[in-house]
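Taking it in order: structure first as structure tokens, then the write-up.
The values are calculated or read from the model by the stated rules, or taken from the named source; none is laboratory data. Note that the coordinates shown come from a computational prediction; the quantities given were computed from them, not determined experimentally. Ideal geometry is used to build each Cβ from the backbone, glycine not excepted, and the neighbour counts take in all protein chains shown.
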């Protein structure tokens with residue numbers, strides 16, 4: 001299973017088709033002009049769901065089973081709610097400086 005590893009300096013979104021939270025988080029990132037790498041995971045889930053979840057667990061350092069799965073660099077941010085909160089804090093911080 002050859003899956004993109006999140007890299008320093010980029011936001012990575014692991015997404016699944018039909019997931020409303022995935023659609024919404026990608027929309028928010030686009031509206032905020034935040035460039036991101038989107039990994040569509042349907043193929044990985046169909047091919048070997050357990051291996052995919054194990055890969056995510058190994059890079060997030062925790063078990064994750066819901067989408068989206070968002071990383072800032074190699075740091076796991078979380079799902080939809082955590083990412084929205086993270087972006088609000090990040091953008092608020094940027095406005096101060």
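Within the stretch 47-72, residues that are at positive phi and modelled with pLDDT of 95 or more have Cβ atoms under 8 Å from residues that are loosely packed, with under 12 Cβ neighbours inside 10 Å and part of a loop (DSSP other than H, G, I, E, B) in no pair, counting only partners at least 6 apart in sequence or on another chain. From the residues in the stretch 33-44 that are assigned to a loop (DSSP other than H, G, I, E, B) and either surrounded by 11 or more Cβ atoms within 10 Å (Cβ to Cβ) or at pLDDT 95 or above (or both), which one is nearest to the chain's Cα centre (by Cα)? Here the residue is 41. Please verify whether residue 25 is touching a residue at least 40 places away in the same chain (Cβ under 8 Å) and within 12 Å of the chain's Cα centre (by Cα), treating the condition exactly as stated. Yes, satisfied.
Being touching a strand residue (DSSP E or B) at 6+ places or on another chain (Cβ under 9 Å), in a loop (DSSP other than H, G, I, E, B) and loosely packed, with under 11 Cβ neighbours inside 10 Å is a property that does not hold for residue 7. Just for the stretch 54-73: of the residues that are in a loop (DSSP other than H, G, I, E, B) and in contact with a strand residue (DSSP E or B) (Cβ under 9 Å, 6 or more places away or on another chain), which one is surrounded by the most Cβ atoms within 10 Å (Cβ to Cβ)? Here the answer is 68.
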